[in-house]
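> Structure incoming, see below.
The values are calculated or read from the model by the stated rules, or taken from the named source; none is laboratory data. Predicted model, so just to flag it, every value in this text is computed and none were measured. Cβ atoms come from the backbone with ideal geometry, glycine included; neighbour counts cover every protein chain shown. The area values use the complete protein model at the heavy-atom level, side chains included, leaving out ligands, DNA and RNA. Shrake-Rupley method; radii C 1.70, N 1.55, O 1.52, S 1.80 Å.
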Amino acid sequence: MSQANIMDDEVDIVIGALHSDLTTFMNEWRPVFSQFHLIIVKDPDLSGEIQIPEGFNVDVYTRSDIDRVVGSSTSILFSGYSCRYFGYLMSRKKYVISIDDDCIPAKDNEGSLVDIVAQHITNLITPATPFFFNTLYDPYRKGADFVRGYPFSLREGVTCALSCGLWLNLADYDAPTQALKPELRNSRYVDAVLTVPVKAMLPLSGINIAFDRELVGPALIPALKLAGEGKFRWETMEDIWSGMCVKVISDHMGLGVKSGLPYVWRNERGNAIESLKKEWEGVKLMEEVVPFFQAVRLPRSAVTAEDCVVELAKIVKEQLGQSNPMFVRAAEAMAEWIKVWKAVQSG
């Protein structure tokens, strides 16, 4: 897909800023981002003015903007990388691409710069195939097709609502894995995209994703907060929880989720041993959370992403809330998020 095919005015790029000086980061991304509207959300705990080089169409949101829009809400917290969700809230575009400020463009196997916007949009505007697995990856990519035995009745596919990109160098391992294998790096650029099958969960990372905001925007939620949560990716679970919410909702609504291309290059950050102290609670939680999401079923009356989040929040409170007050708070944050989302979207 060429640059010319991308609808420039239908794309927002959201960046959660945990550094005040974004000069190097923005200049690295200039060849890819310069023609699009950018939304930069400053971590509310970050001091100092955000520094951005000239030549970008950008809106910057700070703590005062968050307080003005969200009000005195205590359920929804936009601290750390959760600040990106405020960007999702403020976007008015059909497609949102989210990238962390510790990533720079990757290069493919031929040494060319990876255009994450073009690839994410390609993933979103071509169908997904969640109901029957195609062993030759994405059948809609150039040079591929449906394999023998694939039912013709399913070859039209469904709308893709979420595109999950990957990253080179520092992969998304948890703190225990990174602590045990400190030298482990991802150096393999796999030129493939595949649809995640229906009812299969995935650990989404908000580092490099894109989604159809009109379809599933409200389903990406800053809800789950760990008691001793830190700032680094190892120390948070908000995007993992959000990913399982959006996957359950996508399955319910007959929408698809893709994983694979595009890649970014992720720089070194944090200390895995220190992070392990903060993340261990989240590591244990997953053993309870995953079976819950695998089994949960939403009522047929829920037909929009907003409806689905409200219903899912009730089920979370009812079924998980008894085991840990953290889930009660997550359920409350989910319900609160939908109120805020509806208020902001209605102007």
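> Go through the residues of the stretch 65-83 one by one and say whether even a single one is more than 21 Å from residue 336 (Cβ to Cβ), of a type outside the set (S, T, N, Q) and over 16 Å from the mean Cα position of the chain (by Cα).
Within the stretch 65-83 (the criterion being more than 21 Å from residue 336 (Cβ to Cβ), of a type outside the set (S, T, N, Q) and over 16 Å from the mean Cα position of the chain (by Cα)), the answer is no, since none of the residues qualifies.
> Can you find even one residue in the stretch 38-48 that is assigned to a helix (DSSP H, G or I) and in contact (Cβ under 8 Å) with a residue 40 or more places away in the chain?
no
> Please determine, by comparing only the residues of the stretch 255-313 that are part of a helix (DSSP H, G or I), of a type in the set (Val, Ile, Thr) and under 21 Å from the mean Cα position of the chain (by Cα), which one is modelled with the lowest pLDDT.
It comes out as 283.
> Inside the stretch 153-167, can you point out the residues that are modelled with pLDDT of 95 or more and of a type outside the set (D, E, K, R)? I'd like the intermediate steps shown before the answer.
Narrowing the stretch 153-167 to residues modelled with pLDDT of 95 or more: 153-166.
Answer for the stretch 153-167, where residues must be modelled with pLDDT of 95 or more and of a type outside the set (D, E, K, R): 153, 154, 157, 158, 159, 160, 161, 162, 163, 164, 165, 166.
> Just wondering, is there one or more residues in the stretch 152-174 that are over 30 Å from residue 15 (Cβ atoms) and touching a Phe, Trp or Tyr at 6+ places or on another chain (Cβ under 7 Å)?
Within the stretch 152-174, the first condition is being over 30 Å from residue 15 (Cβ atoms), and the residues that meet it are 152-157.
Among the residues that remain, those that are also touching a Phe, Trp or Tyr at 6+ places or on another chain (Cβ under 7 Å) are: 154-155.
Looking for residues that are over 30 Å from residue 15 (Cβ atoms) and touching a Phe, Trp or Tyr at 6+ places or on another chain (Cβ under 7 Å), one finds at least one in the stretch 152-174, hence yes.
> Same structure again: Part of a loop (DSSP other than H, G, I, E, B) and within 20 Å of residue 167 (Cβ to Cβ), is that true of residue 54? Quick ask: steps written out before the conclusion?
Working: part of a loop (DSSP other than H, G, I, E, B): yes; within 20 Å of residue 167 (Cβ to Cβ): no.
No; evaluated as a whole, the condition is false for this residue.
> Filter the stretch 61-80 down to the residues that are in contact with a strand residue (DSSP E or B) (Cβ under 9 Å, 6 or more places away or on another chain) and at positive phi and list them by number.
Narrowing the stretch 61-80 to residues in contact with a strand residue (DSSP E or B) (Cβ under 9 Å, 6 or more places away or on another chain): 61-63, 65-66, 69, 78, 80.
Result: 80, single match.
Residues checked against (1) among the small types (Gly, Ala, Ser); (2) at positive phi; (3) modelled with pLDDT under 95; (4) surrounded by fewer than 18 Cβ atoms within 10 Å (Cβ to Cβ):
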position	(1), (2), (3), (4)
26	no, no, no, no
35	no, no, yes, yes
38	no, no, no, no
48	yes, yes, yes, yes
59	no, no, no, yes
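> Run down 337, 241 and say which single residue is part of a helix (DSSP H, G or I), of a type in the set (Phe, Trp, Tyr), closer than 30 Å to residue 114 by Cβ and at pLDDT 90 or above.
Criteria check complete, one pass: 241.
> For a quick check of your reading: which helices (runs of 4 or more DSSP H) sit entirely within the stretch 81-194 and have at least 2 residues that are open to solvent by 10 Å² or more (accessible area, probe 1.4 Å), closer than 30 Å to residue 61 by Cα and in contact (Cβ under 8 Å) with a residue 60 or more places away in the chain?
So the answer is 116-125.
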